[in-house]
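Since the structure comes first, as structure tokens, the remarks are kept for the end.
The values are calculated or read from the model by the stated rules, or taken from the named source; none is laboratory data. Worth saying up front: this structure is predicted, and the values here are computed from it rather than measured. Methodologically, a virtual Cβ is constructed for each residue, glycine included, from the backbone with ideal geometry; neighbour enumeration extends over all protein chains shown. What goes into the accessible areas is simple: the full protein's heavy atoms, side chains included, and nothing from ligands, DNA or RNA. Shrake-Rupley method; radii C 1.70, N 1.55, O 1.52, S 1.80 Å.
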Amino acid sequence: MQQEEMVSANEFCIHYNIELSFIHSLRDYGLIETVVVEDNLFFPTDQLEFLEKIIRLHYELDINLEGIQTIIHLLQRMEKMQEEIVHLTNSLKAHEPD
């Protein structure tokens, strides 16, 4: 990954007024990917929306990291099922007589 595609964890934490240890915890739980460059922690920009969702779950709804991990897992399963439904619906439509 190029550095232009990365967000500084320090700047992110300052912007959202959260502790850097929260980012470390998310990494330790396997919820986000991080990269260390010259002793600075970064994460890919494509994780920004996901991180904002996690922050809302944790800080606004007071859900712990185990709960967030479960919610994320269930949301991913639902997304896969929705994709499968669309695929199956399209397959059925393709086989319907006109």
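Mind listing the phi-derived Karplus ³J(HN,Hα) values for region 55-70, rounded to whole Hz, using 6.51, -1.76 and 1.60 with θ = phi - 60°, and x for any glycine or proline?
4, 4, 4, 6, 8, 8, 9, 6, 9, 6, 5, 5, x, 4, 4, 5
Quick one: how many Å² of Leu31 are accessible to a 1.4 Å probe, rounded to 10?
Its heavy atoms expose roughly 20 Å² to the probe.
Once you wrap a convex hull around the alpha carbon atoms of region 52-95, what is its projected area averaged over all directions, in nm²?
Mean orientational projected area (region 52-95, Cα hull): 3.5 nm².
Leaving out ligands, DNA and RNA, and with a 1.4 Å probe, what % of the accessible surface on the chain is carbon or sulfur?
For the chain, the apolar C and S fraction of the accessible surface comes to 51 percent.
State to the nearest 20 debye the size of the charge dipole of the chain about its Cα centre, where the only charges are +1 on K and R beta carbons and -1 on D and E beta carbons.
On the way: 6 positive and 19 negative charges, 67 e Å.
About 320 debye.
So how do His58, His87 rank on accessible area, 1.4 Å probe, biggest first, that is with the largest at the start? Mind dumping the intermediate values first?
Values: His58 50, His87 115 Å².
So the residues, ranked largest to smallest area, are His87, His58.
Using the Karplus equation 6.51 cos²θ - 1.76 cosθ + 1.60 (θ = phi - 60°), what ³J(HN,Hα) coupling, rounded to whole Hz, does each residue of region 38-52 give in order, writing x for Gly and Pro?
Couplings: 6, 6, 10, 8, 10, 9, x, 4, 6, 9, 4, 4, 4, 5, 4 Hz.
Report Glu11's accessible area, 1.4 Å probe, all protein chains in place, as a number in Å² to the nearest 10.
About 130 Å², ignoring ligands and nucleic acids.
Let me have the relative contact order for region 1-91, percent, based on Cα pairs under 8 Å that are six or more residues apart.
So the answer I get is 24 percent.
If one puts a single equal scatterer on every Cα of region 24-98 and applies the Debye formula without solvent, what log₁₀ I(q)/I(0) results at q = 0.12, 0.13, 0.26 Å⁻¹?
Here log10 of I(q) over I(0) equals -0.50, -0.56, -1.20.
I'd like the Karplus ³J(HN,Hα) series for region 24-30: coefficients 6.51, -1.76, 1.60, θ = phi - 60°, whole numbers in Hz, and an x wherever there's a Gly or Pro.
Here the 3J(HN,Hα) series is 4, 5, 4, 5, 5, 7, x Hz.
Report the accessible area of Lys80, computed with a 1.4 Å probe over the heavy atoms of all protein chains in place, in Å² rounded to the nearest 10.
140 Å²
Mind listing the long-range amide H neighbours of Val7? Cut-off is under 5 Å, sequence gap 5 or more, other chains count too, H placed in the peptide plane at 1.01 Å from N.
Amide H neighbours of Val7: Phe43, Thr45.
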